[in-house]
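Chemist: Have a look at this one before I ask anything.
The values are calculated or read from the model by the stated rules, or taken from the named source; none is laboratory data. Being a predicted model, the structure only gives us computed values, none of them experimental. Here the Cβ positions follow ideal geometry from the backbone for every residue, glycine too, while neighbour counts run over all protein chains shown.
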């Protein structure tokens, strides 16, 4: 396929070649007519004489010979190590005494999935899914986060001083993310006990209800608060089904796990805060931006609010 700045399409090449070969135009006149160089006009005319109309298509730029390409046996060893050990290019290169860039090219040429796209337990590509409507499934999780001492932690004061200020406790981010829209509700709470988690879910459910979302199912890990009778009764009374992930399979709850990482990168560690209160004061604005303004790659660059028409004005 010609690139967007190409002066000639396949049809234009054919017309140019016929003008030269069949109509007897001089190369310079044909080149001026089709706004290309005489060298280009000669190339397409020669192609037409040799291959006919089929010669107007682009040919592969791959060389006929690659004398410096790795032997097939070495490529097979690279693939074997990748499949069996699930190592990256650098570790494979160290083992086989190769250049990491060479190993990367081999993995790319054979279209092997990235390690981040593989299930850690089985080595198979993770099957992506998405619920058809908001509320069909909500992912819930807790993220433990160290508090920042007054005056700042090591990001502000440096490693040596920051170490002395440890021991100021933790905050617990309780998060709920809708599977279809990625709409998120989050609170920073003091602990992860069953009473705290259940009270959080009650408020999260109210938030989703105000946005016009009726929650049908909740997915959590196997934390003790999610195995409690208090949590179970809260969901049963609301007519919500509860599902738990398999042990040691956090990727099953991947959407909220990804939200946790985004939260850390774009809020918790986005800048050097001088106190825990300063960081917490910045949290509501960040969460609003996440839901209403931040483009999401899984939503073709649109924010979660684009999939929840009733969200306008909420969570301000």
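Chemist: When you go through (1) surrounded by 15 or more Cβ atoms within 10 Å (Cβ to Cβ); (2) under 22 Å from residue 137 (Cβ atoms); (3) under 23 Å from the mean Cα position of the chain (by Cα) one by one for residue 283, which number turns out not to apply?
Modeler: Single failed check for residue 283: (2).
Chemist: Hey, residue 62 hits all of (1) modelled with pLDDT under 90; (2) within 30 Å of residue 113 (Cβ to Cβ); (3) surrounded by 12 or more Cβ atoms within 10 Å (Cβ to Cβ) but one; which does it fall short on?
Modeler: Looking at each condition in turn, residue 62 falls short on (3).
Chemist: Let me ask something else. Can you pull out the residues in the range 1-56 that are surrounded by 17 or more Cβ atoms within 10 Å (Cβ to Cβ), touching a residue at least 24 places away in the same chain (Cβ under 8 Å) and assigned to a loop (DSSP other than H, G, I, E, B)?
Modeler: If the condition is that a residue be surrounded by 17 or more Cβ atoms within 10 Å (Cβ to Cβ), touching a residue at least 24 places away in the same chain (Cβ under 8 Å) and assigned to a loop (DSSP other than H, G, I, E, B), then 8, 36 are the ones that fit.
Chemist: Which of the residues belonging to the range 225-241 are out of contact with any helix residue (DSSP H, G or I) (no Cβ under 7 Å at 6 or more places or on another chain) and either exposed (fewer than 12 other Cβ atoms within 10 Å of the Cβ) or over 17 Å from residue 192 (Cβ atoms) (or both)?
Modeler: If the condition is that a residue be out of contact with any helix residue (DSSP H, G or I) (no Cβ under 7 Å at 6 or more places or on another chain) and either exposed (fewer than 12 other Cβ atoms within 10 Å of the Cβ) or over 17 Å from residue 192 (Cβ atoms) (or both), then 229, 233, 235, 236, 237, 239, 240, 241 are the ones that fit.
Chemist: To continue, here is another question. Mind checking whether some residue in the range 262-270 is under 27 Å from the mean Cα position of the chain (by Cα), loosely packed, with under 13 Cβ neighbours inside 10 Å and without any contact (Cβ under 8 Å) to a residue 40 or more places away in the chain?
Modeler: yes
Chemist: Could you list, in sequence order, all residues of the range 233-254 that are touching a strand residue (DSSP E or B) at 6+ places or on another chain (Cβ under 9 Å) and more than 18 Å from residue 136 (Cα to Cα)?
Modeler: The one that is touching a strand residue (DSSP E or B) at 6+ places or on another chain (Cβ under 9 Å) and more than 18 Å from residue 136 (Cα to Cα): 250.
Chemist: Could we say that residue 294 is closer than 22 Å to residue 130 by Cα, under 17 Å from the mean Cα position of the chain (by Cα) and not in a loop (DSSP other than H, G, I, E, B) here?
Modeler: no
Residues are listed down the side, and each one gets a yes or a no for (1) over 24 Å from the mean Cα position of the chain (by Cα); (2) more than 25 Å from residue 251 (Cβ to Cβ):
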| residue | (1), (2) |
| --- | --- |
| 66 | yes, yes |
| 69 | yes, yes |
| 75 | yes, yes |
| 79 | yes, no |
| 87 | no, no |
| 93 | yes, yes |
| 100 | no, yes |
| 105 | no, yes |
| 115 | no, no |
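Chemist: If you scan the range 255-278, which residues turn out to be touching a strand residue (DSSP E or B) at 6+ places or on another chain (Cβ under 7 Å) and assigned to a loop (DSSP other than H, G, I, E, B)?
Modeler: Selection gives nothing.
Chemist: Out of the residues in the range 104-161 meeting the condition of being within 17 Å of residue 275 (Cα to Cα) and modelled with pLDDT under 65, tell me which one is surrounded by the most Cβ atoms within 10 Å (Cβ to Cβ).
Modeler: Within the range 104-161, the match that is surrounded by the most Cβ atoms within 10 Å (Cβ to Cβ) is 153.
Chemist: Pull up the range 211-232, narrow it to residues that are in a helix (DSSP H, G or I) and touching a strand residue (DSSP E or B) at 6+ places or on another chain (Cβ under 7 Å), then point me to the one that is nearest to residue 174 (Cα to Cα).
Modeler: Across the range 211-232, the extreme among qualifying residues is 226.
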